[in-house]
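The values are calculated or read from the model by the stated rules, or taken from the named source; none is laboratory data. None of these values were measured; they are calculated from a predicted model. So basically every Cβ, Gly included, is an ideal-geometry build from the backbone, and we count neighbours across all protein chains shown. With ligands, DNA and RNA removed, areas are computed over all heavy atoms of the protein, side chains included. Shrake-Rupley method; radii C 1.70, N 1.55, O 1.52, S 1.80 Å.
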Amino acid sequence: AVASGTERAALTAELGELRSSVRAEKLGEVATEFDRVHSIQRAVEVGSVDAVIRAADLRPRVIEAIESYLRRSVPQSPRQAPSGHIAMT
């Protein structure tokens, strides 16, 4: 409170750095606690995530989901292709 001029500016800069450092430290603590409590397995258990999909299974699952959506939402006018894929006419 009694500092002035360059001393006040230096103290203000030091305070800003200290606040930034403490904030980063506290955010790290919160992140560590979050990671301790939350996991992908827990997300599946509580229903926040439907399933964990292996990378090798991702493409077939995406195709399956799109085809399923199209079967439910496209009017009956599209014809079914022999391969089981939907062909738009």
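ASP57 sits with roughly 60 Å² accessible to a 1.4 Å probe, with DNA, RNA and ligands left out of the calculation.
Its convex hull of Cα atoms gives segment 1-58 a direction-averaged projected area, equal to a quarter of the hull surface, of 7.2 nm². When the residues GLU45, GLU64, GLU33 are ordered by accessible surface, computed with a 1.4 Å probe over the protein chains alone, the sequence from largest down reads GLU45, GLU64, GLU33. How much net charge surrounds ALA43 when only the other residues with a Cβ under 13 Å from the Cβ of ALA43 are counted, with Lys and Arg +1 and Asp and Glu -1? Neighbour charge sum, excluding ALA43 itself: -2.
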